[in-house]
1. Filter region 41-57 for residues that are surrounded by fewer than 20 Cβ atoms within 10 Å (Cβ to Cβ) and either within 16 Å of the chain's Cα centre (by Cα) or near the ligand (Cβ under 10 Å from one of its atoms) (or both) and give the result.
2. Give me a count of the residues in region 201-227 that are in contact (Cβ under 8 Å) with a residue 60 or more places away in the chain and open to solvent by 50 Å² or more (accessible area, probe 1.4 Å).
3. May I ask you to verify whether P141 is of a type outside the set (A, V, I, L, M), out of contact with any Phe, Trp or Tyr (no Cβ under 6 Å at 6 or more places or on another chain), within 11 Å of the ligand (Cβ to nearest atom) and in a strand (DSSP E or B)?
4. If F47 meets every condition in (1) of a type in the set (F, W, Y); (2) touching a helix residue (DSSP H, G or I) at 6+ places or on another chain (Cβ under 7 Å); (3) more than 30 Å from E317 (Cβ to Cβ) apart from one, which number is that one?
5. Within region 14-38, track down each residue that is in contact with a helix residue (DSSP H, G or I) (Cβ under 7 Å, 6 or more places away or on another chain) and surrounded by fewer than 22 Cβ atoms within 10 Å (Cβ to Cβ).
6. Criterion first (closer than 30 Å to T203 by Cα, open to solvent by less than 90 Å² (accessible area, probe 1.4 Å), out of contact with any strand residue (DSSP E or B) (no Cβ under 8 Å at 6 or more places or on another chain) and at pLDDT 95 or above) does E285 satisfy it?
7. Could you say which residue among R102, R11 is within 22 Å of N196 (Cα to Cα) and surrounded by fewer than 16 Cβ atoms within 10 Å (Cβ to Cβ)?
8. Where residues in region 184-200 are touching a residue at least 60 places away in the same chain (Cβ under 8 Å) and farther than 16 Å from F241 by Cβ, which of them is least open to solvent (accessible area, probe 1.4 Å)?
Amino acid sequence: MVFSGIQPSGRLHIGNYVGAMKNMIALQDEYFCIYGIVDYHAMTVRFDPKEMEMSIFSAAVDYIAAGIDPEKSVLMLQSTVSEHTELAWILNTITPISWLSRVPTFKEKSKENPDYVHMGLFDYPALMAADIILYKAHVVPVGDDQVAHLELTREIVRRFNSYFGQTFPEPEAKLGEISRILGLDGVNKMSKSLGNCIYLDETKEEIWKKLSTAVTDTNRKKRNDPGNPDICNIFTMHKAFSKQEDIEHCAHGCRTAGIGCLDCKKILLDNMYKELEPIQNKQKELRNKKDYIYEVLRDGKKRAKQIAQKTMDEVYEKIGIDSYHK
Ligand code: TRP
């Protein structure tokens with residue numbers, strides 16, 4: 001079983017796509033996958049209720065357009081299966097405060113918004129653990145920023161199993177082959193808040209505007225200087241989007257100053273856009289199919305709920321309250 005959570009938090013960038021989404025899509029052929037749009041997690045930052053419905057809708061559209069197939073996998077909305085928060089409560093009672101305060105995301109977010117530090121932000125990883133183990137998932141495709149959360153999930157699982165008896169498997173993170181694409185600045189991770197992203201829904205022209213000025217190997221100052229692809233973020237993007245032949249051509253051309261950075265970027269642009277164009281077409285089509293998207297999530301709720309209820313029945317039994325739940 002595979003589970004992963006999708007934040008309904010606006011436009012997706014190629015870092016999201018390469019880091020986690022591609023794996024989420026690929027795993028569908030091998031496993032039964034449940035993908036949850038995690039609206040409760042999205043509520044751990046300041047949000048506008050007027051925008052919530054649309055954000056969830058867009059997340060569903062984007063993921064289906066990219067290749068999550070509702071015929072193969074379950075696509076559901078976290079808050080529609082109340083077992084997520086119910087299990088999270090039980091996990092709360094066995095998760096030491098000291099474990100949660102170690103999590104880097106909490107430290108970062110509280111620093112970013114010092115006047116918006118609340119229990120939900122602190123407890124975010126316990127709800128995430130509940131999301132995963134509610135379906136007894138073994139594999140969790142995520143970006144590398146989620147590894148610390150997965151480690152905590154494993155600790156919580158070990159504690160649950162040791163207190164109440166073997167119940168849950170320890171899930172493992174499955175990282176993308178290229179787990180980290182830097183932003184256009186070539187220094188920081190690609191991130192919406194830093195404004196250094198290429199978004200999945202940008203036109204070829206828009207992408208070229210960004211790529212053409214993106215930072216490469218900073219030691220390569222002139223066209224005739226040889227460069228080092230291993231430290232060039234554009235080359236990392238090639239590895240994510242180009243075929244072997246182009247990757248080799250660019251690496252060799254860079255090392256020998258046979259091609260310039262712009263030549264290399266043009267090849268990348270073509271390859272990247274070839275992959276993004278069909279996704280963009282599908283996005284446009286799905287945005288007009290409101291009924292279909294709602295139906296997918298309703299169906300996802302039904303299918304997820306069946307599994308979730310079974311797990312909760314087992315949990316009630318393990319913690320000694322099952323006779324009241326029959
Ligand atoms: N924390 C994840 C993120 O920020 C989202 C998430 C919530 C998740 N629950 C999950 C990911 C369960 C994997 C499994 O992207």
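The values are calculated or read from the model by the stated rules, or taken from the named source; none is laboratory data. Since the structure is predicted, the reported quantities are computational estimates derived from the model, not experimental observations. No Cβ is skipped: glycine too gets one built from the backbone with ideal geometry, and neighbour counts run over all protein chains shown. Heads up: the accessible areas ignore ligands, DNA and RNA and are worked out on the full protein's heavy atoms, side chains in. Shrake-Rupley method; radii C 1.70, N 1.55, O 1.52, S 1.80 Å.
1. The first filter runs over region 41-57 and keeps only residues surrounded by fewer than 20 Cβ atoms within 10 Å (Cβ to Cβ), leaving 43, 45-55, 57.
Hit for region 41-57 is S55, nothing else.
2. Of the residues in that region, 3 qualify.
3. Numbers: of a type outside the set (A, V, I, L, M): yes; out of contact with any Phe, Trp or Tyr (no Cβ under 6 Å at 6 or more places or on another chain): yes; within 11 Å of the ligand (Cβ to nearest atom): yes; in a strand (DSSP E or B): yes.
Against the criterion (of a type outside the set (A, V, I, L, M), out of contact with any Phe, Trp or Tyr (no Cβ under 6 Å at 6 or more places or on another chain), within 11 Å of the ligand (Cβ to nearest atom) and in a strand (DSSP E or B)), P141 qualifies.
4. (2) is the only condition that F47 fails.
5. Passing the criteria: only I25.
6. Numbers: closer than 30 Å to T203 by Cα: yes; open to solvent by less than 90 Å² (accessible area, probe 1.4 Å): yes; out of contact with any strand residue (DSSP E or B) (no Cβ under 8 Å at 6 or more places or on another chain): yes; at pLDDT 95 or above: yes.
So E285 passes the test.
7. Numbers: R102 fails: within 22 Å of N196 (Cα to Cα).
Only one candidate qualifies: R11.
8. First, the residues of region 184-200 that are touching a residue at least 60 places away in the same chain (Cβ under 8 Å): 189-192, 197-200.
Checking the rest, the ones that are also farther than 16 Å from F241 by Cβ come to 189, 191-192.
Details: K189: 67, S191: 29, K192: 92 Å².
Result: S191.
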